[in-house]
1. Helix hunt in the chain: which complete DSSP H runs extend at least 27 Å axially by C-alpha with mean Kyte-Doolittle at least 1.6?
2. Explain nothing, just the number: relative contact order of the chain, from Cα pairs under 8 Å at least 6 residues apart, as a whole percent.
3. What's the magnitude of the charge dipole for the stretch 4-72 around its Cα centre, counting Lys and Arg as +1 and Asp and Glu as -1 at the beta-carbon? Answer in Debye, nearest 20.
4. Using only the Cα atoms, work out Rg/Rh for the chain, with Rh taken as the Kirkwood radius, to two decimals.
5. Restricting attention to the stretch 23-73, which trypsin sites (Lys or Arg not before Pro) occupy a DSSP loop and are surrounded by at most 16 other Cβ atoms within 10 Å?
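Please treat every number below as a calculation from the coordinates, not as lab data. As the structure is a computational prediction, the values presented were derived from the model and not from experiment. Positions of Cβ are generated from backbone atoms using ideal geometry, with glycine treated the same way; all protein chains shown enter the neighbour counts.
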Amino acid sequence: MNDLTTVVGEAAAIVDPQGQNEGISILCGLIVWATEHPDRYRGWDAETLAAALRWNFDIDAEEADEMARQLVDVE
């Protein structure tokens, strides 16, 4: 049996083999973060998104906060 992290990573490679679709990368990263940090996941508010983005993309808090605000504010 495969773990979810492996499955998501392999699925992303099929859907976006060159890794150029930022949306797919973000979505896969959020799923993996939520499964790796079940105690911290409480829905996708801006704070949780920022934590997941920092973990996935190794960006600083300011960048993660801005990116999270943009994702939460998408209409």
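1. The qualifying helices: there are none.
2. Numbers: 52 pairs, mean separation 16.9, N = 75.
Over the chain, the number comes to 23 percent.
3. It works out to roughly 260 debye.
4. That ratio is 0.97, to two decimals.
5. Numbers: sites: Arg40, Arg42, Arg54, Arg69; in loops: Arg40, Arg42.
Those that pass, being in a loop and sparsely packed, are Arg40, Arg42.
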